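*Asks:* Attaching a single structure in structure tokens format; questions to follow.
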Amino acid sequence: MTTCAYCGREFETSDDTETLCPQCATELLAQPETAPSRLRQVLDSPTIILIALNTLVYLIMVVAGRRFFTFEAELLLNFGGNSGAFTSGGQWWRLLTSTFEHGGLLHIALNMWCLYNLGWLAELLFGRIRFTLLYLMCGIGGSLASICWRGNGLSVGASGAIFGIAGALIPAMMLHSNPQLRAALRGQLKSIALFVFYNLAFGAAASGIDNAAHIGGLLTGLFLGVAFPTGHDRHERRGRMRVLGGTMLALLIFMAAGAFARQRNQIYVEIEKASEAHQRGDLNNAIAHAQRATALKPDNAHAQFMLGTLLLGAHRYVDATAPLTSATRLAPKFGPAYVNLCVAQCELNLLNQALANCEQGTRLAPSDVESWFNLGRVRYKLHNLTGARDAQAKAVALNPNGFEENLQYALMLISTGDTEKAVPYLRKAHALHPQDQAVTKLLEQAQGQLQ
């Protein structure tokens, strides 16, 4: 009996010089009448095809976003980025599409370099079809881990799939049936293990890196690397059954992870639905979704702020006070929450409380127009005309082309006896809204007083 140099299986032969079993000889040594060109061999490689697809998506995004170093989050999301609110809300296709888009030039360059180096070896050990299946499954596993762990963070990139390939190679090389091949791959095994360790450590230390996707892809790869055969089992029926069984079990795990992700991210799904309803003009439906979001997670400042702001827009000032107060407690450095609470309290004539919240809003967000504008309103109601004028002066300086800012500042100037200075701002307001009869009349009166 002779041991096959490739798969390690014993076979009978009458020629002591034969080193390959009949099956491996057929696969590896059989040559067609015309040997394929090097270009054809490259184009037949799933690694090259995957690199080409990733690069094509990147180039399309460059054209769409008109930039190539980095992309805006909105563009990434529109092209299928992975996000807890959208993916868990039913757009499960994002688990896969997100693995073919990247955040910029450096991101795709590093990932494609790693894919190129790992892909060839994985193709050799698993075969082209199983390598492709392995890559896609690891990408989905990484995406699921991301939304399960990070919640609503935006995630893109092929790194989860690449970590999965690295993870699959580890058991594939350790468990290969050919001892000579295992020994030859020992150096590669150490390099891949070091690659995994270094990149996980770097991802844990650096910000902006989705290490959850890396770990999810790695674990998926480790599992499938054990399940998928690499030696002579690749040719046997049991090898095909191992692939089928491993894939089905992985899909069941994916379904369980998806159910967990949907439950965990339900608050973000409700917030997104509230935002979409508000954009459609369906305020009542938006409020209903925001209320469900706060019921799911009362300590979420974003949900409380959204609910309070929507209630404010519906002129439900009493109802808006409680969630906006919660938002200021949960996010004490978020200026807009104080400003919106100030508006609600101002409408309820709780002027001293409104004044304190508007002043806090201007301290936290000194460049926010709404903070100064509403502070001016509250000071005016408290008969502090000079203070109201100064606050409106800040507002119009921050937004010189705002109709309300120009009009209110002009009114404050008139109230403090500076009609001449008010006229240019009234003219600006009139130019912005020439159909407003009240502004037209006020301008005529002010100009008449100066004649």
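*Asks:* Got a sec? Which of 118, 50, 56 is buried (at least 18 other Cβ atoms within 10 Å of the Cβ), outside the structural domain of residue 273 (by TED's automatic domain parsing) and modelled with pLDDT of 95 or more?
*Replies:* Of the residues listed, the single one that is buried (at least 18 other Cβ atoms within 10 Å of the Cβ), outside the structural domain of residue 273 (by TED's automatic domain parsing) and modelled with pLDDT of 95 or more is 50.
*Asks:* While we're looking at this one, here's another question. Across segment 198-218, which residue is surrounded by the fewest Cβ atoms within 10 Å (Cβ to Cβ) among those that are touching a Gly at 6+ places or on another chain (Cβ under 7 Å) and in a helix (DSSP H, G or I)?
*Replies:* 211
*Asks:* Counting only residues that are among the polar types (S, T, N, Q), in a helix (DSSP H, G or I) and within 24 Å of residue 85 (Cα to Cα), how many does segment 243-269 have?
*Replies:* 2
*Asks:* Being crowded, with 17+ Cβ neighbours inside 10 Å and basic (Lys, Arg) is the filter; apply it to segment 352-409 and report the residue that is nearest to residue 321 (Cα to Cα).
*Replies:* Restricting to residues being crowded, with 17+ Cβ neighbours inside 10 Å and basic (Lys, Arg), the top hit is 377.
*Asks:* Right, next: Given the criteria without any contact (Cβ under 8 Å) to a residue 40 or more places away in the chain and assigned to a helix (DSSP H, G or I), does residue 288 qualify?
*Replies:* Yes.
*Asks:* For residue 311, are the conditions met, namely being farther than 24 Å from residue 405 by Cβ, buried (at least 20 other Cβ atoms within 10 Å of the Cβ) and touching a residue at least 24 places away in the same chain (Cβ under 8 Å)?
*Replies:* So residue 311 fits the description; yes.
The values are calculated or read from the model by the stated rules, or taken from the named source; none is laboratory data. Note that the coordinates shown come from a computational prediction; the quantities given were computed from them, not determined experimentally. Cβ: placed from backbone, ideal geometry, glycine included. Neighbour counts: every protein chain shown.
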